[in-house]
Amino acid sequence: MRQFYRLMNAQFSELVISVLSLCVTLIAASWLLVLYKIKDYNQYAVHERFEDIYATSGLPIVFLICVLAVIALFVKSFYSSYWGSKSIYTLMTLPVKRELVYLSKLCSFAISMLMLLCAQLLGFILAYNYMAFKIASYSNGEFEVTNGLFLAFIRSDFMRLLWPYGFANVLSTVSIFIVIITWVYHLVLCERSQRRLGAILITAVFWPIYLVVTMRLDAFNSYGAFNSYDSSKVILYSAILLVISVICVWHSIVLLRKGATT
């Protein structure tokens, strides 16, 4: 366990500053874009629901860009071991199991993505509180909504995808998160070892993700009311994604054990 901790700490240290910068940028963007959207609000203005303001402000796109940036940082960190000092050879000759080398980098990637998710949640909460404070400053409580943050959270398609409730939804979000980090890592390992399995899995990864996301978005109407859907299909597609994740992890460890990536 000590060896794993040291390896993960070394891997994560290559990402942490850049990831923290992205988190701060995402939080700041949440506040600034919502501020811009409601700059003309007064007691005579038509007040949109916060989840609609959040969606139309472009923040979901900003979050997606940040996710892609974290993936790019991870890929850069991976390939940096092959540039200059060729530290990959030192890493592969350490007296530790190759599984620990794999898991340490995978966990550092997962922590980076979780940090971004937490930053997105914090940005959502701060942006809502700013809007509520602005409205309260001129409405004398007339436009205040009881449990407004909770309602905005529930009615937001974007937030329900990232922070779900209910077993099937939680399982699908977790499976999407796991398959993305395991597949991206597997893809770069396959590229280094000149294997094609990583590219072949593209359709197998993104098609179930598309189906799950579509079903979950269709489960609520524009008023946030629940429409019934076949949760067994969501569970099935989530299970498929988890199986793909297991394949990615297994094949990645096989490649590392064989030294095919060096």
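Every read-out reported here was derived from the displayed coordinates using simple, explicitly stated rules and does not represent laboratory data. This structure is a prediction, so every number in the text was calculated from the model and none was measured. With ideal geometry, Cβ positions are generated from the backbone for all residues, glycine too; neighbour counts draw on all protein chains shown.
The listed peptides 1-13, 164-176, ordered by packing as a protection proxy, come out as 164-176, 1-13 (highest mean of other Cβ atoms within 10 Å first).
Looking at the chain, do any whole DSSP H helices span at least 18 angstrom along their long axis by alpha carbon and average 0.5 or above on Kyte-Doolittle, and which?
16-37, 59-80, 98-139, 167-193, 197-217, 231-258
Between residue 150 and residue 126, 0.36 nm times their residue separation minus their Cα-Cα distance comes to what?
Length gained, residue 150 through residue 126: 7.3 nm.
With bins 5 Å wide beginning at 0, the percent of Cα pairs of the chain falling in each bin runs 1, 5, 12, 14, 15, 14, 12, 9, 7, 5, 3, 2, 1, 0.
Taking the Cβ of residue 164 as the centre, find all other residues whose Cβ is under 13 Å away and add up their charges (Lys, Arg: +1; Asp, Glu: -1). Around residue 164, the charge tally is +1.
Ordering of 147-155, 179-187 by packing is 179-187, 147-155, highest average first (other Cβ atoms within 10 Å, averaged per residue). FRET efficiency for the pair residue 16 and residue 42, taken as 1/(1 + (r/R0)^6) with r the Cβ-Cβ distance and R0 = 51 Å, rounds to 0.75.
Counting only lysines at least 8 places from residue 258 when in the same chain, those with an alpha carbon closer than 17 Å to its own are 97.
A straight Cα-to-Cα reach below 21 Å connects residue 39 with the lysines 134, residues fewer than 8 places away in its own chain not being considered.
Evaluated with a Cβ-only charge set (Lys, Arg +1; Asp, Glu -1), the chain carries a dipole of roughly 1340 debye about its Cα centre, given to the nearest 20. Computed per residue of the chain from DSSP H runs no shorter than four, each worth -39500 (n - 2.57), the mean residue ellipticity at 222 nm is -26000 deg cm²/dmol.
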